[in-house]
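S.K.: One structure is given below, represented as structure tokens, and several questions about it will come after.
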Amino acid sequence: MVGWVFAAIGIVGLGLVIGVITKVTSFLREVSPLVDAIKDTDFNALEGEIATTPKSVNGMTSLCIPRITADFPEFNWYEFKQRAENMILSAFHAIEEEDAGLVKHASNELRSQIALTIEANKDAGVREIFRDARIHQTEIREYRKQGGNCVIILQSAVGFYHYKVNRSGAKVAGSDTVTTQKRYDTELVYVQDTEKVADGQKALGATCPQCGAPVKELGSKTCPYCGCGLTEISIRVWNFNRLTEVGK
């Protein structure tokens, strides 16, 4: 008799367990599409956030500016920042139009770099597009003196629609619907001492207006030979010498 009672209890318990499992299974079937939808939504949101969030830049501007202005009191950071950003945008435009001459504020070396990019695209039978390019931020990353040159490295965060089309105009790479976020380093160079510049590099020299002696040292306010006061130590200028995508 006792055995039958335990058997009955066992059957009832098993029925309850089966009922619970059935309900849980049914619930999971119902919520599974919702969970998948939430996963898809989160992924799409993350993808969209990545596409619209500017890259961070390595900003050392506040530390570099005092050193730069100590060597170049007339150096205007905001002016050169604007020139750098205009140069980057003009470089994109030059690549699109396949004309390196359209690059603004550029040295011959930088124009040659852009020309090589254009030729590589032509050889591949494509045209590179940078649509709706926007520069989010530009900072000084580094200031150094080496080999007779003073070099400022600027880093810019840039967003755009970046893609390539073939000669028929059909898109073959990239996206014209999802923005791309990138970083670029711009090299700004000033020849400090022509005697230290490596052979083969060209530099413009300056001479004293009084005695005609060469003036080569950065920061000179008087001629080292005759003592004449100098208002301009050099007719050289800062040049944007290179544009490099960071992390390519």
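The values are calculated or read from the model by the stated rules, or taken from the named source; none is laboratory data. Note that the structure is predicted; figures quoted are calculated from it, not measured. Because the Cβ atoms are built from the backbone with ideal geometry, glycine has one as well, and the counts that use them run over all protein chains shown.
S.K.: Can you tell me how many residues within region 98-116 are touching a strand residue (DSSP E or B) at 6+ places or on another chain (Cβ under 9 Å) and either buried (at least 17 other Cβ atoms within 10 Å of the Cβ) or over 20 Å from PHE240 (Cα atoms) (or both)?
M.R.: 8
S.K.: Continuing with this model, one more query. Would you call GLY219 on the phi > 0 side of the Ramachandran plot, at pLDDT below 95 and out of contact with any helix residue (DSSP H, G or I) (no Cβ under 8 Å at 6 or more places or on another chain)?
M.R.: On the way: on the phi > 0 side of the Ramachandran plot: yes; at pLDDT below 95: yes; out of contact with any helix residue (DSSP H, G or I) (no Cβ under 8 Å at 6 or more places or on another chain): no.
Taking the combined requirement at face value, the residue does not satisfy it.
S.K.: Please verify whether SER156 is under 16 Å from the mean Cα position of the chain (by Cα), buried (at least 18 other Cβ atoms within 10 Å of the Cβ) and among the hydroxyl-bearing types (Ser, Thr, Tyr), treating the condition exactly as stated.
M.R.: Details: under 16 Å from the mean Cα position of the chain (by Cα): yes; buried (at least 18 other Cβ atoms within 10 Å of the Cβ): yes; among the hydroxyl-bearing types (Ser, Thr, Tyr): yes.
It is true that SER156 is under 16 Å from the mean Cα position of the chain (by Cα), buried (at least 18 other Cβ atoms within 10 Å of the Cβ) and among the hydroxyl-bearing types (Ser, Thr, Tyr).
S.K.: Follow-up. Output the number of residues of region 140-152 satisfying the condition of being at pLDDT 95 or above and buried (at least 19 other Cβ atoms within 10 Å of the Cβ).
M.R.: Of the residues in that region, 4 qualify.
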